[in-house]
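Okay, structure first, notes after.
The values are calculated or read from the model by the stated rules, or taken from the named source; none is laboratory data. Quick caveat, the model's predicted, so the values are computed rather than measured. Note that each Cβ is placed from the backbone with ideal geometry, even for glycine, and that neighbours are counted across all protein chains shown.
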Amino acid sequence: MGAADTMEAGTFDRTELPSGLRILTERMPGVRSVALGIWAGVGSRDETPRLAGASHYLEHLLFKGTKRRSARDIAELMDAVGGEANAFTAKEYTCFYARTLDRDLPLAVDILVDMLRFSKIAKADVEAERTVILEEIGMHNDAPDDIVHDLFAEVLLGGHPLGRPVLGTVESITGMSRDAVARYWRRHYVPGNLVVAAAGNCAHDEVVELVTGAFEGAEGGPLQQPPARHEPRIYGGVQVRRKPTEQAHLVLGTRGLSRSDPRRFALGVLNIAFGGGMSSRLFQEVREQRGLVYSIYSYATQYSETGSFSIYAGTAPKRVHEVLTIVRDELDRVVADGLTEEELERGKGHLKGSLVLGLEDTSGRMSRLGKSELTSGEILSIDEIVRRVDEVTDADVQAVAKEVLGGGPRSLALIGPFDQEGFERYIT
């Protein structure tokens, strides 16, 4: 693979190989395990409408066997060392990961790279997995508390790929050929589009040596230029999916912040205080005080160029207008007045605690390295994250509340026994 450029940055080491493949490691000497992830810079936003769901389809297929190993071989090898191997697909990336004892790291590298480089993608496996994915889509469609979030993204982002579900549709999966999936694989799974991240009881030089050997002979750089990613336009609107459900499911929200926006820490504090925990305004007001819902919460989603801020609630259909009125009024109140001093401090404490606790294990550390390198190029230390949260002021929160919650079009997605009429007033 040739000479490599290596540098140390904070608590992790980073090496970029001449092929464009990036390797990042963080040593955690107090553990006896390693979490290894191979992150590909491709997700559902990179698919054409005809290939909707291809990233997720491919994630399944790469576990079905390689030129050297059957699917059963892969499972038995990991089981024999007490390890686990799995994967997930998101809108902007796909990750294949393994957790093993430190001594079994060479096996984990060998298996994951073998899958990514030498999978057979046999026609019979494509057909078998097509049925599995259609069942997964059916299961997802039967869960209104899940699918309402997809419906919201569709309304907010219009026809942009970020507004489409990661799983694809029944039509796109049914019509996708083996050759189309294989071309998608060859196009995106090249060294220049991959990041290898490892955290745990591992030495950087050893990981670099193992990965370099496993990728020997792989052509560097993208074979074809992937489609350019375009920033989505944000829409306002209402989408009601009529369904005879016992409970109504709703998501009301608006444009948020991008993954690299420095104001994301202020928005994180605002989110916690507004609807992110059991002491939050929404939970206390709508559930504890009035008993109108079982579940209500807010959440912020971040992408490369934009994001969203949303409130989910599940309630009896007869109470949906009352819940929406309260949620809208609480949104307007926080835009006008911001948070109290007590809410600000509680939100900062909660956010710091949850962020740090999420980085206490090898998987959390590995994910931080891989996702950050792939999506933003900025990898913050735990101390730096805590410092940025500590620096959030009341003025910062008030400014981000006005900009995000009060500054753009709102969208509403609703699933339940309703017609379209009567809901426009909650987004104007």
* Asked: Among the residues of region 126-135, is any under 17 Å from residue 186 (Cα atoms), in the same structural domain as residue 61 (by TED's automatic domain parsing) and either out of contact with any Lys or Arg (no Cβ under 7 Å at 6 or more places or on another chain) or hydrophobic (A, V, I, L, M, F, W, C) (or both)?
  -> yes
* To do: Hey, could you check region 74-95 for residues that are surrounded by fewer than 20 Cβ atoms within 10 Å (Cβ to Cβ) and of a type outside the set (A, V, I, L, M) and say which is farthest from residue 53 (Cα to Cα)?
  => 82
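Go through region 76-97 and count every residue that is within 27 Å of residue 165 (Cβ to Cβ) and either of a type in the set (A, V, I, L, M, F, W, C) or not assigned by TED's automatic domain parsing to the domain that holds residue 61 (or both).
Pass one, region 76-97, residues within 27 Å of residue 165 (Cβ to Cβ): 84-97.
Filter once more, so that each one left must be either of a type in the set (A, V, I, L, M, F, W, C) or not assigned by TED's automatic domain parsing to the domain that holds residue 61 (or both): 85, 87-88, 90, 95-96.
The number of residues fulfilling the criteria is 6.
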* Under 6 Å by Cβ, and 6 or more places apart or on different chains, what pairs join a residue from region 326-349 that is in the same structural domain as residue 402 (by TED's automatic domain parsing) and assigned to a helix (DSSP H, G or I) with one that is among the small types (Gly, Ala, Ser) and crowded, with 18+ Cβ neighbours inside 10 Å? -> 334/401; 335/401; 343/273; 347/273
* Asked: Yes or no: residue 387 closer than 30 Å to residue 33 by Cα, in a helix (DSSP H, G or I) and not assigned by TED's automatic domain parsing to the domain that holds residue 196?
  -> yes
* Asked: Looking at 159, 175, which is the one that is under 26 Å from residue 252 (Cβ atoms) and touching a helix residue (DSSP H, G or I) at 6+ places or on another chain (Cβ under 9 Å)?
  -> 159
* To do: May I ask you to say which residue of 142, 125, 205 is surrounded by fewer than 21 Cβ atoms within 10 Å (Cβ to Cβ) and within 21 Å of residue 25 (Cα to Cα)?
  => 205
* Quick one: would you say residue 251 is in contact with a helix residue (DSSP H, G or I) (Cβ under 8 Å, 6 or more places away or on another chain), surrounded by 14 or more Cβ atoms within 10 Å (Cβ to Cβ), assigned to a helix (DSSP H, G or I) and at pLDDT 95 or above? -> no
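Of all residues in region 194-231, how many are in a loop (DSSP other than H, G, I, E, B) and either in contact with a strand residue (DSSP E or B) (Cβ under 7 Å, 6 or more places away or on another chain) or modelled with pLDDT of 85 or more (or both)? Don't jump to the end; show me each part of the working.
Step one: filter region 194-231 for residues in a loop (DSSP other than H, G, I, E, B), giving 201-203, 215-231.
So of that shortlist, the ones also either in contact with a strand residue (DSSP E or B) (Cβ under 7 Å, 6 or more places away or on another chain) or modelled with pLDDT of 85 or more (or both) come out as 201-203, 215-216.
Going through region 194-231 one residue at a time, the tally reaches 5.
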* Report, by residue number, each residue of region 47-61 that is in contact (Cβ under 8 Å) with a residue 60 or more places away in the chain and either outside the structural domain of residue 172 (by TED's automatic domain parsing) or not in a loop (DSSP other than H, G, I, E, B) (or both). => 49, 50, 51, 54, 55, 56, 57, 58, 60, 61
* Would you be able to say whether some residue in region 302-310 is surrounded by fewer than 21 Cβ atoms within 10 Å (Cβ to Cβ) and charged (D, E, K, R)? => yes
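Might you let me know whether region 106-116 holds any residue that is in a helix (DSSP H, G or I), under 30 Å from residue 255 (Cα atoms) and not assigned by TED's automatic domain parsing to the domain that holds residue 316?
To start, the set of residues in region 106-116 that are in a helix (DSSP H, G or I) comprises 106-116.
Add one more test, that the residue is under 30 Å from residue 255 (Cα atoms), and what stays is none.
Looking through region 106-116, none of the residues is in a helix (DSSP H, G or I), under 30 Å from residue 255 (Cα atoms) and not assigned by TED's automatic domain parsing to the domain that holds residue 316.
Take the conditions at pLDDT below 95, in a loop (DSSP other than H, G, I, E, B), farther than 30 Å from residue 360 by Cα and not assigned by TED's automatic domain parsing to the domain that holds residue 366 and apply them to residue 159. Does it pass? Give the steps one after another, and end with the answer.
Numbers: at pLDDT below 95: yes; in a loop (DSSP other than H, G, I, E, B): yes; farther than 30 Å from residue 360 by Cα: yes; not assigned by TED's automatic domain parsing to the domain that holds residue 366: yes.
Taking the combined requirement at face value, the residue satisfies it.
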* Asked: Can we say residue 37 is in contact with a strand residue (DSSP E or B) (Cβ under 7 Å, 6 or more places away or on another chain), under 21 Å from residue 207 (Cβ atoms) and not aliphatic (A, V, I, L, M)?
  -> yes
